[in-house]
Structures are given as structure tokens and as C-alpha cells.
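Everything below concerns the one structure shown next.
The values are calculated or read from the model by the stated rules, or taken from the named source; none is laboratory data. Treat the numbers as computed from the prediction; the structure is a model and nothing was measured. So basically every Cβ, Gly included, is an ideal-geometry build from the backbone, and we count neighbours across all protein chains shown.
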Amino acid sequence: MIMDLGNAIKFQRKKLGISQGELAKSCEITQVYLSMIERNKKEPNLSTLKRLSEVLAIPLPVLFFKSLDESDIPEAKLEAYNLVSESLNNLVNSLFFPEPYGENN
């Protein structure tokens with residue numbers, strides 16, 4: 001899987017107007033580590049992801065969902081994914097992102 005978790009975290013952080021330094025401090029991690037997470041250079045452990053999702057006010061499963069793209073879906077399930085992904089994305093956006101989330105997410 002090549003989930004773009006870093007971009008999903010970065011987008012939500014920026015949407016909330018939180019600096020990397022502020023988010024890192026709130027999550028008890030370094031700004032350098034957060035920067036590496038946002039650039040998909042480091043994969044955070046589950047406890048760090050939970051703290052990030054809490055501070056960013058987005059449920060962890062939604063964060064995972066927003067980081068998916070077609071390359072994460074097994075080829076055998078790609079047709080089904082393509083049938084429902086736009087509707088699911090719209091539903092998630094309306095529930096958790098009142099403003100447009102972005103074209104790629």
C-alpha cells in the first residue's frame with residue numbers, strides 16, 4: 001500500500017491553521033518528525049496517529065480513508081472501488097470537511 005497519509009495530515013493541519021510546530025508540540029513529537037510524516041518519509045506508530053487525529057479533530061479511520069488512492073486498491077477490487085469511491089468521498093467530506101477537501105482527496 002502507498003497510502004498518502006502524510007498529505008492527509010498536512011491538509012487537515014493547514015485547514016485548521018495550525019503550524020507544524022504547534023501540532024508537533026500538541027502531539028509530543030518533534031517538528032522534524034512531523035515534517036517527515038507529512039512528506040511520507042516516516043510512518044508514525046499507532047499512538048502517534050491517534051494523537052494526531054485527536055488534535056486535528058478527525059477520526060483516525062477517516063484520516064486513513066482520505067489517504068487512499070487507486071494504487072492502494074487490489075486490482076481485483078478496483079472496479080467496485082471506482083463505483084463507490086466518489087459517493088463515499090462525498091459523504092466523508094460532507095460529514096468531516098464542510099469545505100471542499102481538494103481534488104485529489
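What to note about this one:
- Any hit, the range 50-64, residues being basic (Lys, Arg), in a helix (DSSP H, G or I) and modelled with pLDDT of 95 or more: yes
- Conditions (1) at pLDDT 95 or above; (2) in a loop (DSSP other than H, G, I, E, B); (3) touching a Gly at 6+ places or on another chain (Cβ under 6 Å): number failed by residue 29: (3)
- Single residue of 88, 95 found to be among the aliphatic types (A, V, I, L, M), part of a helix (DSSP H, G or I) and surrounded by 11 or more Cβ atoms within 10 Å (Cβ to Cβ): 88
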